[in-house]
Amino acid sequence: MAGLDDVFGDLFASVDAVVLFSPSGSYYERFSAVEDLDVIVIGTENPVGAETFVELPLAFDNISERIRFGLEGALEQDIIEDGDALACATSVFDDEIDTVSRVRANADQHTGIYDLFAKSRADPEVIKAVLELAIELGKKGQKGKPVGALFIVGDAGKVMNKSRPLSYNPFEKSHVHVGDPIVNVMLKEFSRLDGAFVISDAGKIVSAYRYLEPSAEGVDIPKGLGARHMAGGAITRDTNAIAIVLSESDGLVRAFKAGELILEVDPEAY
Amino acid sequence: MVDWQALVDEPAVIAAAVLVLGLIVGYLVGRLNKELLSASGVPDAVEGTPFERTAQSIGTSTVDIVARLSSWFIYGIAVLTAIHIAQLLDTDAFWLRVTEFIPQVFVAVLVLILGFIIADKVELVVSEYFRGVKLPEISIVPKLLKYSVLYVAFIIALGQIGVHILALLILLAVYAAGVVLVGTFAFKDFLVSSAVGIYLLLNQPYSIGDEITIGDQTGIVQEVDLFVTKIETDSQEYIVPNRKVFEEGIVRMRE
């Protein structure tokens, strides 16, 4: 087996750091016991209490997405530098870590996914909750039929001033926050209403039934997307909000920030 | 048959029977207690407290100690009753005092154990809560709470076994009054703000998206919570304590 070590040794020879994706406690201990080794932990939470930790907003199923997002976050936090060689240990089949891949950090591949969560006006937890909500809605639909939905998160005061009500606001004088247990069911029912949901920085659902009136000038979103995406994308250019859109036609969840498409996920993949 | 009758009437036999019965009942009560405590989730609740850890290190557990305590209490009663029946010690005064004293000691010990566990648990929970605040001085708060709870437990336990605790009670009263005074003084603004905040959340005189003026600050409302209202203009973001809403009044801008 010594021969195998030589061959596979290339994978982790002279790496700048080891990146562990959601390691178990004992696994992490073994790595942190190795001297002169930079260990970075990436995951949805940090149960092992690692010092260098990058938070993932979603437990990405797709390995390359998981690694790309994690490394972008690490680059953003100046934990790693452009061109660093990294040994990324992650799990593909089971919960245990079973795969090592050698990745070179590339700052040019900047997509802004990490910025979407960490550098938006709204709280990262709120954005995460809305994204999960949209994904869940996309997975199940309304009574088995696909639904579309448009969530505008953050900078709610400005968004409210750049929109008008289509009908009475069902959330008026209510104190519903995303992440409350009842919200998923409630929003699923309300998703058949037209218009956008407006959610404040702290996660309060301010209004449903909003007709957005941004100027669509200079909005660069892929051709072929409908009015919902256009409205969502455009309002993020006019305000500091972000838009999370569930497409009715192709079932994908997309996120816009500053008028640009940042993230595209398939609900079926989660 | 006659022999049997004579034997049953013998005080020593009755005493032995009482003793055996006491041992059996004590053992059963101990077991029952243990089962009940385990079923009601006590082991989970006390997990991680120093008391439990100390108990573990000497090869037992909190549940075991409490259960055994109740057993011993019943053993003790049985032994005393047996002694009394067998008339080994014929001193009524002594007997009277002991019967009064034993339950008190039992309750006192129970209160102490409970006090230790609650104190440890309070310290754990509070320090867990403060973990997000990375400030070394904050670690004094859980400690202070722990010793406050312990102090109260000691007073109750001492009171139970009849020690004069007036001085300790006065100390406690002074301490509590101090905490309340300092608390109201320090949190006065918070209390006022949250009272106004409740009114604002219930009545919503203004909501997110309205343009309002509070005092000198004019802007669009971004967020209303219990303590503060966040309003902002294009370049500034004001975080206004809610009490200012009542002190200065609100001006709602109409277009």
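Only one of these is over 26 Å from residue A:129 (Cβ atoms) and in contact with a strand residue (DSSP E or B) (Cβ under 8 Å, 6 or more places away or on another chain): A:41, A:103, A:7, A:34. Name it.
On inspection, the qualifying residue turns out to be A:103.
Residues in the range B:113-142 that are farther than 14 Å from residue B:49 by Cβ and not hydroxyl-bearing (Ser, Thr, Tyr): B:130, B:131, B:132, B:133, B:134, B:135, B:136, B:137, B:138, B:140, B:141. Only one of the numbered conditions (1) within 18 Å of the chain's Cα centre (by Cα); (2) more than 24 Å from residue B:43 (Cα to Cα) is violated by residue B:174, and that is (1).
A quick yes/no check of all residues on (1) within 30 Å of residue A:7 (Cα to Cα); (2) surrounded by 15 or more Cβ atoms within 10 Å (Cβ to Cβ); (3) within 14 Å of chain B (Cβ to nearest Cβ):
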{"site": "A:126", "(1), (2), (3)": "no, yes, yes"}
{"site": "A:141", "(1), (2), (3)": "no, yes, no"}
{"site": "A:144", "(1), (2), (3)": "no, no, no"}
{"site": "A:155", "(1), (2), (3)": "no, yes, yes"}
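Set side by side, the residues B:170, B:220, B:212, B:208 differ, and just one is within 11 Å of chain A (Cβ to nearest Cβ) and not in a strand (DSSP E or B), which is B:208. (1) over 25 Å from residue A:140 (Cβ atoms); (2) touching a Lys or Arg at 6+ places or on another chain (Cβ under 7 Å); (3) at pLDDT below 90: which one isn't true of residue A:235, the others all being true? Answer for residue A:235: the failing condition is (3). Every test in (1) within 19 Å of the chain's Cα centre (by Cα); (2) part of a loop (DSSP other than H, G, I, E, B); (3) not small (Gly, Ala, Ser) is passed by residue A:96 save one, and that test is (1). Annotation note: Cβ proximity below 6 Å between a residue of the range A:62-87 that is in contact (Cβ under 8 Å) with a residue 60 or more places away in the chain and of a type outside the set (Ser, Thr, Tyr) and a residue that is assigned to a helix (DSSP H, G or I) and surrounded by fewer than 18 Cβ atoms within 10 Å (Cβ to Cβ) (sequence gap 6+ or interchain) occurs for A:87/A:12.
Against the conditions (1) buried (at least 24 other Cβ atoms within 10 Å of the Cβ); (2) farther than 20 Å from residue A:249 by Cα, where does residue A:218 fall short? Just the number, please. Checking residue A:218 against (1) buried (at least 24 other Cβ atoms within 10 Å of the Cβ); (2) farther than 20 Å from residue A:249 by Cα, the one that fails is (1). Picking from residues in the range B:223-252 that are over 36 Å from the mean Cα position of the chain (by Cα) and within 11 Å of another protein chain (Cβ to nearest Cβ), the one that is surrounded by the fewest Cβ atoms within 10 Å (Cβ to Cβ) is B:234. Filtered by the rule that a residue be under 13 Å from residue A:113 (Cβ atoms) and not aliphatic (A, V, I, L, M), the range A:68-96 gives A:68, A:69, A:70, A:72, A:73, A:76.
The values are calculated or read from the model by the stated rules, or taken from the named source; none is laboratory data. Just so you know, these numbers come straight off a predicted model, no measurement behind them. With ideal geometry, Cβ positions are generated from the backbone for all residues, glycine too; neighbour counts draw on all protein chains shown.
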